[in-house]
Amino acid sequence: MKYMLMMNCPRTGYDTFGAWPKEAIRAHLAFMQTLDQELRQAKQLVSAEGLASPHEAKRVRAGKNRMPVTDGIFAETKEFLAGYWIVEVDSPEQAYEVAARASAAPGPGGVPRNMPIEVRQVMSGPPEDLL
């Protein structure tokens, strides 16, 4: 089963991350790289990406003649998607274990961030109950 693990970051998280001490940023990124390597070695990692700041995001919708219309920066919200993993595991519990590991990424002083990680199964087709 495939699951998408989505790391949500509070609005202030993007602004404060750059203000962390350099060693804390390096430790955080090293933790994430090690997690990705371990998931690859276990043949559980399908994909993983960190996302740019929401200040760089644009909302897009179809306008006249289906041409893209941008509405400026990302929607107002308390949290943003900071990055994600797609893992292939045997059970939801294994996906939850990976999410808990990712949540424990260190912040300043090595203290685990305990960031919320949303876990959702990746659908391979339309849900049966809709057909």
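A few remarks follow.
- Ordered by solvent-accessible area of protein heavy atoms (1.4 Å probe), largest first, the residues 6, 1 come out as 1, 6.
- Distance-filtered residues of segment 89-131 - backbone nitrogen under 17 Å, label point 7 angstrom along residue 19 Cα→Cβ: 107-109
- Each label was represented as a point 7 Å from its Cα along the Cα-to-Cβ direction; for residue 47 and residue 30 these points are 3.0 nm apart.
- For the set 115, 4, the ranking by accessible area, highest first and with no ligand, DNA or RNA atoms included, is 4, 115 under a 1.4 Å probe.
- Segment 1-48: trypsin sites (Lys or Arg not before Pro) in DSSP coil with no more than 16 other Cβ atoms inside 10 Å: 43
- Potential lengthening of the chain between residue 100 and residue 124 amounts to 6.2 nm, from the contour at 0.36 nm per residue minus the alpha-carbon distance.
- A simple spin-label model places the labels of residue 90 and residue 65 5.6 nm from each other, with each point 7 Å out along Cα-to-Cβ.
- Relative contact order, percent, the chain [alpha-carbon distance under 8 Å, six or more residues apart]: 44 percent
The values are calculated or read from the model by the stated rules, or taken from the named source; none is laboratory data. All of these numbers come straight from a predicted model, not from anything done at the bench. Here the Cβ is made from the backbone with ideal geometry for all residues, glycine too, and neighbour counts use every protein chain on show. Only protein heavy atoms, including side chains, enter the accessible area calculation; ligands, DNA and RNA are left aside. Shrake-Rupley method; radii C 1.70, N 1.55, O 1.52, S 1.80 Å.
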